[in-house]
Amino acid sequence: MAEDRRRKTDNTQNETGPVTLIVPSHPKYLYVVRSAIYPILTDAGFGRKDARRIILAVDEACSNIIKHAYEGDHTKTITLTITDAADRFTVRLRDYGRKADTAKIAPRDLSDIRPGGLGTLFIGAAFDAVTYDTNQEQGTLLTLEKKKQQVNV
């Protein structure tokens, strides 16, 4: 019953991390990101529905890096660092492009029906904490955190 897999509250041996993945800033490599994260999420105790939401959110964040930080330049890289701790699952996305303008980061109004512009909505819905660190010398460090429900099995 993969859907019901949960980590015991007293079991910290299953903690993983960090796992680091460096991918080219090209959309065709986002499948590598999605494929790498899924087994880590299931090992962390997330069910399929939550895992899919988290994967979609990370995919959107990477797409935003490619589009906004790198302005479509496919010669750059995105570094993902994934940490599975007992109480939370964390994904850090590091780019070396244009710094994120946090004042302009917001999902578009849902009544404005058109393609695009919902990535930050998906990210905010999938994660409990979303932090943009623009204090880097170059680029942005995006930290996405998801608290884990502890269930005794």
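Within the range 33-50, being out of contact with any Asp or Glu (no Cβ under 8 Å at 6 or more places or on another chain) and surrounded by 19 or more Cβ atoms within 10 Å (Cβ to Cβ) holds for Ile37, Gly45, Phe46. Is it fair to say Gly72 is without any contact (Cβ under 8 Å) to a residue 12 or more places away in the chain, open to solvent by less than 40 Å² (accessible area, probe 1.4 Å) and not polar (S, T, N, Q)? Considered against the rule, which asks whether it is without any contact (Cβ under 8 Å) to a residue 12 or more places away in the chain, open to solvent by less than 40 Å² (accessible area, probe 1.4 Å) and not polar (S, T, N, Q), Gly72 comes out as yes. If we keep just the residues of the range 114-130 that are in contact with a Lys or Arg (Cβ under 6 Å, 6 or more places away or on another chain) and open to solvent by 40 Å² or more (accessible area, probe 1.4 Å), which is modelled with the lowest pLDDT? Checking each candidate, the answer is Gly117.
The values are calculated or read from the model by the stated rules, or taken from the named source; none is laboratory data. A quick note: this is a predicted structure, and the numbers were derived from the prediction, not measured. Quick reminder, even Gly has a Cβ in these numbers, built from the backbone with ideal geometry, and neighbours come from all protein chains shown. Each accessible area value is taken on the protein alone, full model and side chains, heavy atoms only, with ligands, DNA and RNA left out. Shrake-Rupley method; radii C 1.70, N 1.55, O 1.52, S 1.80 Å.
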